[in-house]
Amino acid sequence: QVQLVESGGGLVQAGGSLRLSCAASGRTFSSYAMGWFRQAPGKEREFVASLSWSGGSTAYAGSVKGRFTISRDNAKNTVYLQMNSLKPEDTAVYYCAAARTSWPSSSWYEYDYWGQGTQVTVSS
């Protein structure tokens, strides 16, 4: 069982930066691939970024590639999403998720545990 708690969301102007954190409980955190997804009002949940249990492999959505960076600190049971050059279209609730896969999955149905989400609002 893994419990996930996101933090770090907020209101930022376009062009600004935010760093999201996801703290995980459970001793097996390091064996899970981790991902970030987001959901804007009236839209489906979409993949943002993911990384393997070791952090050696990553995957990004095309819309955030080059602007967002996912990383993890297994010693702290925490995964991060550094978001730079934010755009109004990045506005959404961001969710952290954990998957029992060895690869950085971009498919939401492969994730077993989800956090409650944190709101990110980017003003123009």
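Go through (1) at pLDDT 95 or above; (2) open to solvent by 60 Å² or more (accessible area, probe 1.4 Å) one by one and return the number of the condition Ser54 breaks.
(1)
Scan segment 69-77 and give yes if some residue there is in contact with a Leu (Cβ under 7 Å, 6 or more places away or on another chain) and hydrophobic (A, V, I, L, M, F, W, C), otherwise no.
Within segment 69-77 (the criterion being in contact with a Leu (Cβ under 7 Å, 6 or more places away or on another chain) and hydrophobic (A, V, I, L, M, F, W, C)), the answer is yes, since at least one residue qualifies.
Return the residue satisfying two criteria in turn: it lies in segment 105-124 and is small (Gly, Ala, Ser) and exposed (fewer than 15 other Cβ atoms within 10 Å of the Cβ), and of such residues it is farthest from Ser17 (Cα to Cα). Don't jump to the end; show me each part of the working.
In the first step, residues of segment 105-124 are kept if they are small (Gly, Ala, Ser); the result is 105-107, 115, 117, 123-124.
Then drop every residue that is not exposed (fewer than 15 other Cβ atoms within 10 Å of the Cβ), which leaves 107, 123-124.
Details: Ser107: 26, Ser123: 12, Ser124: 14 Å.
Applying the filter and picking the extreme gives Ser107.
Is it fair to say Arg38 is part of a strand (DSSP E or B) and open to solvent by 70 Å² or more (accessible area, probe 1.4 Å)?
Details: part of a strand (DSSP E or B): yes; open to solvent by 70 Å² or more (accessible area, probe 1.4 Å): no.
No; evaluated as a whole, the condition is false for this residue.
One residue is enough: does segment 70-77 have a residue meeting the conditions surrounded by fewer than 14 Cβ atoms within 10 Å (Cβ to Cβ), outside any strand (DSSP E or B) and on the phi < 0 side of the Ramachandran plot?
Taking segment 70-77 and keeping what is surrounded by fewer than 14 Cβ atoms within 10 Å (Cβ to Cβ), we get 73, 75-76.
Next, only the ones that are outside any strand (DSSP E or B) stay: 75-76.
Pick out the ones that are also on the phi < 0 side of the Ramachandran plot and you get 75-76.
Within segment 70-77, one or more residues are surrounded by fewer than 14 Cβ atoms within 10 Å (Cβ to Cβ), outside any strand (DSSP E or B) and on the phi < 0 side of the Ramachandran plot.
Take segment 78-104 and flag every residue that is assigned to a strand (DSSP E or B) and open to solvent by 50 Å² or more (accessible area, probe 1.4 Å). Quick ask: steps written out before the conclusion?
Of segment 78-104, the ones assigned to a strand (DSSP E or B) are 78-83, 92-99.
Gln82 - this is the single residue of segment 78-104 that is assigned to a strand (DSSP E or B) and open to solvent by 50 Å² or more (accessible area, probe 1.4 Å).
The values are calculated or read from the model by the stated rules, or taken from the named source; none is laboratory data. Model, not experiment: these values are computed from the prediction. Neighbour counts run over all protein chains shown; Cβ positions are idealised from the backbone, glycine included. Just the protein is used for accessible areas: all its heavy atoms, side chains included, with ligands, DNA and RNA removed. Shrake-Rupley method; radii C 1.70, N 1.55, O 1.52, S 1.80 Å.
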